[in-house]
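Asks: There's a structure below that I have some questions on.
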Amino acid sequence: MTTKTLEQKTFPSARFKTAIPGPKAKAAIEKDKHWISGSYTRSYPLVAKRGRGAMVEDVDGNEFMDFAAGIAVCSTGHCHPHVVQAIQKQASELIHMSGTDFYYESMAQLAERLSKSAPMKGPHKVYYGNSGTEAIEAALKLARYHTKRPYVIAFYNSFHGRTMGALSLTASKVQQRRGYAPVSPAVTHVPYPHTFRRPEGTDAKQYAIDCARFIEEKVLKTTLPPEEVAAIFVEPVQGEGGYVPAPTEFLQELRAICDRHGILLVADEVQSGCGRTGKMWAIQHSGVEPDIICSAKGIASGMPLGVMMAKADVMDWKPGSHASTFGGNPVCIASAFATLDVLEGVGEGADPKNEGKGAIKNAAEVGAYMLERISGWVKKYEIVGEVRGRGLMIGVEIVKDKKSKALAGKERDRIVDELCFERGVLMLGCGETTIRISPPLIITREQADVAMDVLEESISIADEEVTAGSTGGKQMGA
Ligand SMILES: Cc1ncc(COP(=O)(O)O)c(C=O)c1O
């Protein structure tokens, strides 16, 4: 440990009761190693026991501030009382019926409510699954069914899920595909405009437009007949790829290409949706209307629910074409209703401590405050290449040095997995070299300040280590 680590004055050494990991956490991890699939990617030894708001307590009674929110899922924080109450009430009334074969009122009621905040004009229809990947599978199948076209286009560094159809769209990390070939050969990947890494000397806006133009000027002229392309799948903010917002001009150009060729535009808002960016849907920042939108993660505060919403005339498949035994389960739907109350600040979901405003508004305000506070890190620290994002979906891209912008995955991992964790703040990486800031949408400015103090201290330590040429701490895995 460096001297700075020992001197740490920020949150929350006082909240630790044992060394990290403590004895119970160590035992749980040993057991996990024996029993649990080796495919999971745990970055640090946090063994969670209970959570409340933005705080998580581990099995040894140590408290952490959660700026990962269960991978951007706990939009309303951990165990929001309004959400817990809704889940408990529904669980005591009806847990399961299967919307595939039977009716229950809440399926259509939630669809009606979601339709009101849809990013495209109605009428809409809604399909329910259990996860993000299922929402994407459904969109992929619907796009082919409706257009009767085979091909789809997606972007490099995108993440759309891990089931075989969604995996064919995913182009995030090679390990996610290794050993699973063949995936669908009907997907073509094209560059996504990560403007920080655009070719030197090019204009950021023009580069973003050129990325979209490449589809029409190259792909649709050389390899994919446009009349055989069903859909373009895009994340309005690339999530797992590094928290990279799509420039508005890029999305506008995609929309125009789709319109010219009868291609559907599918917005994957599994990570960026449900208020995370300060609007219900991230694509609403651009004014571009998709034909289909996919959601999951934050929509039910941690209960498994995937949603695929389409324009009603697009969702024209016939009975039996697609379904799910559990999709749109009554308990998950009840949780989604309560989540929307909190996000929109409606009824008992409104936070009296917060002037009754909803969590989406809070995400916009606290996110803007945080972004302004930390933007200066680019000038202050050699290893901070870029700070970007919207609302509470903020990425800090770490580089070896400003000039080369070389990827600094090990340094990023040291900051997130060691320095922040040791200081009691939970974060995750995303992309090859980015720190992902995705707290619950209910956080206060004070909590944001505490977490940003910890992150800054951690970055400054890593910055000194890089400048001094040492790796610091323990050697992190690749
Ligand atoms: C943009 C996006 N799409 C799809 C998925 C897949 O969601 P799930 O893990 O719920 O299947 C994810 C998960 O991280 C995601 O970020």
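The values are calculated or read from the model by the stated rules, or taken from the named source; none is laboratory data. The shown structure was predicted, so the numbers you read here are calculated from the model rather than taken from an experiment. Methodologically, a virtual Cβ is constructed for each residue, glycine included, from the backbone with ideal geometry; neighbour enumeration extends over all protein chains shown.
Asks: I'd like to verify a number: residues in the range 148-157 that are in a loop (DSSP other than H, G, I, E, B), buried (at least 20 other Cβ atoms within 10 Å of the Cβ) and within 15 Å of the ligand (Cβ to nearest atom), how many?
Replies: 1
Asks: Let me ask another. Evaluate the following for P119: is it modelled with pLDDT of 95 or more and more than 26 Å from I215 (Cα to Cα)?
Replies: Against the criterion (modelled with pLDDT of 95 or more and more than 26 Å from I215 (Cα to Cα)), P119 does not qualify.
Asks: Conditions: (1) crowded, with 19+ Cβ neighbours inside 10 Å; (2) part of a helix (DSSP H, G or I). Q88 meets all but one. Number of the miss?
Replies: Unmet for Q88, out of (1) crowded, with 19+ Cβ neighbours inside 10 Å; (2) part of a helix (DSSP H, G or I): (1).
Asks: Then there's this: Which of the residues that make up the range 128-142 are more than 10 Å from the ligand (Cβ to nearest atom) and part of a helix (DSSP H, G or I)?
Replies: A138, A139, L140, K141, L142, listed by residue number.
Asks: Now, a different point. Filter the range 35-70 for residues that are part of a strand (DSSP E or B), within 18 Å of T18 (Cβ to Cβ) and within 20 Å of the chain's Cα centre (by Cα) and give the result.
Replies: The answer is M55, V56, M65.
Asks: For the structure I just gave you, tell me whether A111 is out of contact with any helix residue (DSSP H, G or I) (no Cβ under 9 Å at 6 or more places or on another chain), more than 15 Å from the ligand (Cβ to nearest atom), closer than 24 Å to V73 by Cβ and part of a helix (DSSP H, G or I).
Replies: Taking the combined requirement at face value, the residue satisfies it.
Asks: From the set of residues in the range 372-383 that are more than 20 Å from L407 (Cβ to Cβ) and out of contact with any strand residue (DSSP E or B) (no Cβ under 6 Å at 6 or more places or on another chain), which is surrounded by the fewest Cβ atoms within 10 Å (Cβ to Cβ)?
Replies: If we take residues in the range 372-383 being more than 20 Å from L407 (Cβ to Cβ) and out of contact with any strand residue (DSSP E or B) (no Cβ under 6 Å at 6 or more places or on another chain), then K379 is surrounded by the fewest Cβ atoms within 10 Å (Cβ to Cβ).
Asks: Among the candidates Y145, Y103, which residue alone is more than 26 Å from the chain's Cα centre (by Cα), over 23 Å from D341 (Cβ atoms), in a helix (DSSP H, G or I) and away from the ligand (no atom under 16 Å from the Cβ)?
Replies: So the residue among Y145, Y103 that is more than 26 Å from the chain's Cα centre (by Cα), over 23 Å from D341 (Cβ atoms), in a helix (DSSP H, G or I) and away from the ligand (no atom under 16 Å from the Cβ) is Y145.
Asks: Given G287, G320, G349, which one is away from the ligand (no atom under 16 Å from the Cβ) and under 20 Å from Y104 (Cα atoms)?
Replies: Just one listed residue meets the conditions, G320.
Asks: For V183, are the conditions met, namely being of a type in the set (A, V, I, L, M), free of Cβ contacts under 8 Å to residues at least 24 places away in the same chain, away from the ligand (no atom under 15 Å from the Cβ) and surrounded by 15 or more Cβ atoms within 10 Å (Cβ to Cβ)?
Replies: In short, yes.
Asks: Take G298 and tell me if it is at pLDDT 95 or above and either surrounded by fewer than 21 Cβ atoms within 10 Å (Cβ to Cβ) or assigned to a loop (DSSP other than H, G, I, E, B) (or both).
Replies: No, not satisfied.
Asks: Quick check: anything in the range 315-331 outside any loop (DSSP other than H, G, I, E, B) and either in the same structural domain as G391 (by TED's automatic domain parsing) or modelled with pLDDT of 95 or more (or both)?
Replies: yes
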